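Peer 1: Handing you a structure now.
The values are calculated or read from the model by the stated rules, or taken from the named source; none is laboratory data. Quantities reported herein were computed from a predicted structural model and do not represent experimental measurements. Note: ideal-geometry Cβ built from the backbone for every residue, glycine included; neighbour counts use all protein chains shown. Please note that ligands, DNA and RNA were not included when accessible areas were found on the heavy atoms of the full protein model with its side chains. Shrake-Rupley method; radii C 1.70, N 1.55, O 1.52, S 1.80 Å.
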Amino acid sequence: MMEQKIARLLELDAVAELERRWDEDDEFAENYNDSRLELGDPVELTENYPGGLASLYALAGGCRFGDVVFRREPSFSSSPPVGGDNGEPIDDRARIQIGRVGSESDTIFLDMASGSVMIYCYMYFKWGWDSGVILECADVPEFVDTVALGPRYREIYGPLSKTKDWLVEDPWYIYLQEIGMA
(Lines give C-alpha, C1' and ligand atoms only; values in the text may rest on other atoms or scores of the structure.)
Protein backbone atom coordinates (compact mmCIF):
# COMPACT_ATOMS: atom_id res chain seq x y z
CA MET A 1 0.00 0.00 0.00
CA MET A 2 2.89 2.39 0.65
CA GLU A 3 3.75 2.42 -3.04
CA GLN A 4 0.15 3.08 -4.08
CA LYS A 5 -0.29 5.88 -1.55
CA ILE A 6 2.89 7.66 -2.63
CA ALA A 7 1.88 7.22 -6.27
CA ARG A 8 -1.50 8.76 -5.43
CA LEU A 9 0.17 11.76 -3.76
CA LEU A 10 2.23 12.25 -6.91
CA GLU A 11 -0.86 11.87 -9.11
CA LEU A 12 -2.73 14.46 -7.04
CA ASP A 13 0.30 16.81 -7.14
CA ALA A 14 -0.09 16.90 -3.37
CA VAL A 15 3.26 18.63 -2.79
CA ALA A 16 2.10 21.62 -4.87
CA GLU A 17 -1.34 21.60 -3.23
CA LEU A 18 0.05 21.71 0.29
CA GLU A 19 2.57 24.36 -0.75
CA ARG A 20 -0.31 26.41 -2.18
CA ARG A 21 -2.25 26.09 1.07
CA TRP A 22 0.80 27.16 3.06
CA ASP A 23 1.31 30.20 0.80
CA GLU A 24 -2.35 31.26 0.86
CA ASP A 25 -3.42 30.51 4.43
CA ASP A 26 -1.94 32.97 6.93
CA GLU A 27 -2.82 30.75 9.90
CA PHE A 28 -1.20 27.72 8.23
CA ALA A 29 1.98 29.72 7.50
CA GLU A 30 1.97 31.19 11.01
CA ASN A 31 1.88 27.74 12.62
CA TYR A 32 4.19 25.87 10.23
CA ASN A 33 7.56 26.85 8.79
CA ASP A 34 6.96 25.06 5.51
CA SER A 35 4.64 22.85 3.54
CA ARG A 36 3.57 19.64 5.25
CA LEU A 37 4.69 17.31 2.45
CA GLU A 38 8.06 16.75 0.85
CA LEU A 39 8.82 13.92 -1.53
CA GLY A 40 12.52 13.87 -2.32
CA ASP A 41 14.05 12.48 -5.45
CA PRO A 42 14.31 8.69 -5.39
CA VAL A 43 17.68 7.51 -4.08
CA GLU A 44 19.44 4.21 -3.65
CA LEU A 45 20.72 3.70 -0.12
CA THR A 46 24.42 2.89 0.23
CA GLU A 47 23.87 0.32 3.01
CA ASN A 48 21.62 -2.73 3.11
CA TYR A 49 19.03 -1.80 5.78
CA PRO A 50 16.26 -4.18 6.91
CA GLY A 51 12.54 -3.60 7.03
CA GLY A 52 11.95 -2.23 3.54
CA LEU A 53 13.71 1.08 4.15
CA ALA A 54 15.27 1.00 0.68
CA SER A 55 11.82 0.75 -0.92
CA LEU A 56 10.72 4.03 0.70
CA TYR A 57 13.86 5.87 -0.39
CA ALA A 58 13.55 4.42 -3.92
CA LEU A 59 10.14 6.11 -4.10
CA ALA A 60 10.63 9.37 -2.23
CA GLY A 61 14.20 9.85 -0.99
CA GLY A 62 14.37 11.75 2.28
CA CYS A 63 10.75 12.76 2.77
CA ARG A 64 8.29 14.51 5.04
CA PHE A 65 4.69 13.56 5.77
CA GLY A 66 3.29 16.20 8.11
CA ASP A 67 5.32 15.96 11.30
CA VAL A 68 6.91 12.64 10.25
CA VAL A 69 10.32 13.38 8.74
CA PHE A 70 12.67 10.76 7.28
CA ARG A 71 16.32 11.83 7.30
CA ARG A 72 18.65 11.52 4.39
CA GLU A 73 21.00 8.55 4.78
CA PRO A 74 24.11 10.53 5.82
CA SER A 75 22.08 11.76 8.82
CA PHE A 76 21.12 8.30 10.13
CA SER A 77 22.46 7.84 13.65
CA SER A 78 23.22 4.80 15.76
CA SER A 79 22.37 6.51 19.07
CA PRO A 80 20.01 4.15 20.94
CA PRO A 81 16.79 5.10 22.69
CA VAL A 82 17.53 5.68 26.36
CA GLY A 83 15.37 5.64 29.46
CA GLY A 84 14.55 9.01 30.95
CA ASP A 85 15.12 8.03 34.55
CA ASN A 86 18.63 6.65 34.17
CA GLY A 87 19.87 7.52 30.68
CA GLU A 88 20.64 3.86 29.90
CA PRO A 89 19.58 2.20 26.62
CA ILE A 90 16.06 0.78 26.93
CA ASP A 91 17.25 -2.66 25.73
CA ASP A 92 20.13 -4.32 23.91
CA ARG A 93 18.60 -4.14 20.40
CA ALA A 94 20.63 -2.46 17.68
CA ARG A 95 18.60 0.44 16.28
CA ILE A 96 19.36 3.42 14.09
CA GLN A 97 17.61 6.77 14.04
CA ILE A 98 16.10 7.25 10.59
CA GLY A 99 13.87 10.21 11.27
CA ARG A 100 11.98 12.33 13.72
CA VAL A 101 8.48 13.37 14.65
CA GLY A 102 8.10 17.08 15.28
CA SER A 103 10.82 18.00 17.73
CA GLU A 104 14.03 16.06 18.13
CA SER A 105 12.76 14.44 21.35
CA ASP A 106 10.48 12.15 19.30
CA THR A 107 12.63 9.90 17.15
CA ILE A 108 11.90 7.25 14.51
CA PHE A 109 14.05 4.15 15.04
CA LEU A 110 14.66 1.19 12.74
CA ASP A 111 15.49 -2.10 14.47
CA MET A 112 18.51 -3.49 12.60
CA ALA A 113 17.63 -7.14 13.33
CA SER A 114 13.86 -7.27 12.83
CA GLY A 115 13.29 -4.26 10.56
CA SER A 116 10.56 -2.98 12.87
CA VAL A 117 10.01 0.75 13.20
CA MET A 118 9.11 2.66 16.34
CA ILE A 119 8.55 6.21 17.44
CA TYR A 120 10.28 6.88 20.73
CA CYS A 121 9.74 9.93 22.95
CA TYR A 122 12.77 10.75 25.09
CA MET A 123 10.67 13.03 27.30
CA TYR A 124 8.03 10.41 28.14
CA PHE A 125 8.66 10.72 31.89
CA LYS A 126 7.78 14.43 31.69
CA TRP A 127 4.26 13.47 30.54
CA GLY A 128 3.87 10.73 33.17
CA TRP A 129 3.95 7.89 30.64
CA ASP A 130 5.31 4.47 31.58
CA SER A 131 7.38 4.11 28.41
CA GLY A 132 8.88 6.21 25.66
CA VAL A 133 7.68 3.82 22.96
CA ILE A 134 4.81 5.67 21.33
CA LEU A 135 4.05 3.15 18.61
CA GLU A 136 5.63 0.31 16.66
CA CYS A 137 5.13 -1.20 13.22
CA ALA A 138 6.51 -4.41 11.72
CA ASP A 139 8.45 -2.60 8.98
CA VAL A 140 8.86 0.64 7.04
CA PRO A 141 6.08 0.01 4.47
CA GLU A 142 3.58 -0.66 7.27
CA PHE A 143 4.75 2.45 9.13
CA VAL A 144 4.38 4.68 6.07
CA ASP A 145 1.05 3.11 5.05
CA THR A 146 -0.64 3.22 8.46
CA VAL A 147 1.14 6.06 10.29
CA ALA A 148 2.72 8.62 7.95
CA LEU A 149 -0.01 8.21 5.30
CA GLY A 150 -2.81 6.69 7.30
CA PRO A 151 -5.16 6.75 10.24
CA ARG A 152 -2.45 6.06 12.84
CA TYR A 153 -0.89 9.47 12.11
CA ARG A 154 -3.01 10.74 14.98
CA GLU A 155 -0.97 8.53 17.36
CA ILE A 156 2.45 10.05 16.61
CA TYR A 157 2.59 12.19 19.75
CA GLY A 158 1.37 9.62 22.25
CA PRO A 159 -1.87 8.37 23.75
CA LEU A 160 -4.91 9.84 21.99
CA SER A 161 -6.59 10.51 25.30
CA LYS A 162 -3.86 13.05 26.05
CA THR A 163 -2.84 14.41 22.64
CA LYS A 164 -5.75 14.32 20.17
CA ASP A 165 -6.62 18.05 20.29
CA TRP A 166 -3.77 19.10 17.97
CA LEU A 167 -5.23 16.96 15.15
CA VAL A 168 -8.14 19.33 14.65
CA GLU A 169 -5.80 21.90 13.12
CA ASP A 170 -3.00 19.77 11.65
CA PRO A 171 -3.05 20.50 7.89
CA TRP A 172 -1.44 17.19 7.00
CA TYR A 173 -4.01 15.11 8.88
CA ILE A 174 -6.80 17.24 7.41
CA TYR A 175 -5.41 16.57 3.93
CA LEU A 176 -5.10 12.83 4.62
CA GLN A 177 -8.78 12.83 5.57
CA GLU A 178 -9.77 14.83 2.48
CA ILE A 179 -8.12 12.35 0.14
CA GLY A 180 -9.43 9.31 2.04
CA MET A 181 -6.15 8.01 3.48
CA ALA A 182 -7.03 8.66 7.14
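Peer 1: Which of the residues belonging to region 110-123 are farther than 12 Å from residue 82 by Cα and in contact with a strand residue (DSSP E or B) (Cβ under 8 Å, 6 or more places away or on another chain)?
Peer 2: Result: 110, 111, 112, 116, 117, 118, 119.
Peer 1: To continue, here is another question. Just one of (1) open to solvent by less than 30 Å² (accessible area, probe 1.4 Å); (2) touching a helix residue (DSSP H, G or I) at 6+ places or on another chain (Cβ under 6 Å); (3) of a type outside the set (Asp, Glu); (4) part of a helix (DSSP H, G or I) trips up residue 135, so point out which.
Peer 2: Failing condition for residue 135: (4).
Peer 1: Also, I was wondering about something else. Inspect all residues belonging to region 169-178 and state whether any of them is in contact with a strand residue (DSSP E or B) (Cβ under 8 Å, 6 or more places away or on another chain), of a type in the set (S, T, N, Q) and either at pLDDT 90 or above or surrounded by fewer than 21 Cβ atoms within 10 Å (Cβ to Cβ) (or both).
Peer 2: No, there is no match, as no residue in region 169-178 is in contact with a strand residue (DSSP E or B) (Cβ under 8 Å, 6 or more places away or on another chain), of a type in the set (S, T, N, Q) and either at pLDDT 90 or above or surrounded by fewer than 21 Cβ atoms within 10 Å (Cβ to Cβ) (or both).
Peer 1: Counting only residues that are touching a residue at least 12 places away in the same chain (Cβ under 8 Å) and more than 13 Å from residue 133 (Cβ to Cβ), which one in region 96-110 is most open to solvent (accessible area, probe 1.4 Å)?
Peer 2: That would be 100.
Peer 1: Restricting attention to region 138-151, report how many residues are among the aliphatic types (A, V, I, L, M) and either open to solvent by 10 Å² or more (accessible area, probe 1.4 Å) or outside any helix (DSSP H, G or I) (or both).
Peer 2: Result for region 138-151: 2.
Peer 1: If I ask for residues that are more than 20 Å from residue 77 (Cβ to Cβ), more than 16 Å from the chain's Cα centre (by Cα) and of a type in the set (S, T, N, Q), which ones from region 107-162 would you list?
Peer 2: Result: 131, 161.
Peer 1: Here is a follow-up. I'm trying to understand the selection: among the residues of region 72-95, which are open to solvent by less than 20 Å² (accessible area, probe 1.4 Å) and within 13 Å of residue 118 (Cβ to Cβ)?
Peer 2: Result: 81, single match.
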